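Before any comments, here is the structure.
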Amino acid sequence: MKQDVKDFMIQKVKEMMDSFSCCAEAKEAGQRWLDALGTEKEAEETKNLMAELEEDIMPIDNLIAFASSDAGAQVFGEEKAKEVAAHAQKVKTAGGKYCDCPACAAIEAIFDKKDALI
């Protein structure tokens, strides 16, 4: 991995980990990747990180469906769920493929460089 790509990745992984919307599993995978940089485990942890992020990024259609559901209303509250669903629909209409929360935005930026990573 070239140094400029690695620097970009470090920045985005830290952004993801620091965001309110990052799940514990993604934070752990991010930390393992950061800890493995420069070691013989770097390539393996890069693959592990990508696999975890594939599981964690929220496709916009899934967010719309969840926020519009009874489960979404229970998680967000009824009014906030409607706001989230409406916002997600705007993101989709504008061409967005994924949720635009800070964690998902960082993951999407990482995916844009995926070919240079592995």
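All of the numbers you see were taken from the coordinates with simple rules; none came from a lab. Please read these numbers as outputs of a predicted model, since none were measured by experiment. Here Cβ is always computed from backbone atoms with ideal geometry, including for glycine, and neighbour counts include all displayed protein chains.
Laid out as a table, the results:
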item	result
Calculated FRET value between Asn62 and Asp18, using beta carbons and R₀ = 35 Å, to 0.05	0.90
Placed amide H near Cys23: partners under 5 Å, 5+ positions off or other chain	none
Those aspartates and glutamates that a straight Cα-Cα span of less than 15 Å connects to Lys113, excepting residues fewer than 8 apart in one chain	Asp4, Asp7, Glu54
For Tyr98, distant residues with modelled amide H under 5 Å away	Ile60
Helix-only CD estimate at 222 nm, as mean residue ellipticity for the chain, using -39500 (n - 2.57) per DSSP H run (n ≥ 4)	-23000 deg cm²/dmol
Length released on extending from Lys92 to Glu25, taking residue separation times 0.36 nm less the Cα-Cα span	21.5 nm
The chain, dipole about Cα centre (Lys/Arg Cβ +1, Asp/Glu Cβ -1), debye to the nearest 20	320 debye
Peptides ranked, highest mean first, by Cβ atoms within 10 Å: ranges 101-108, 77-84	101-108, 77-84
Full-extension gain in nm, Asp7 to Glu79, via 0.36 nm per residue minus C-alpha separation	21.9 nm
Cross-link table Lys6/Lys90; Lys12/Lys47; Lys14/Lys47; Lys27/Lys114; Lys2/Lys41, entries beyond 26 Å C-alpha to C-alpha	Lys6/Lys90
Among [x] 15.6, 49; [y] 13.5, 39; [z] 18.2, 62, the entry that matches Rg and Dmax of the Cα atoms in Å as calculated here	[x]
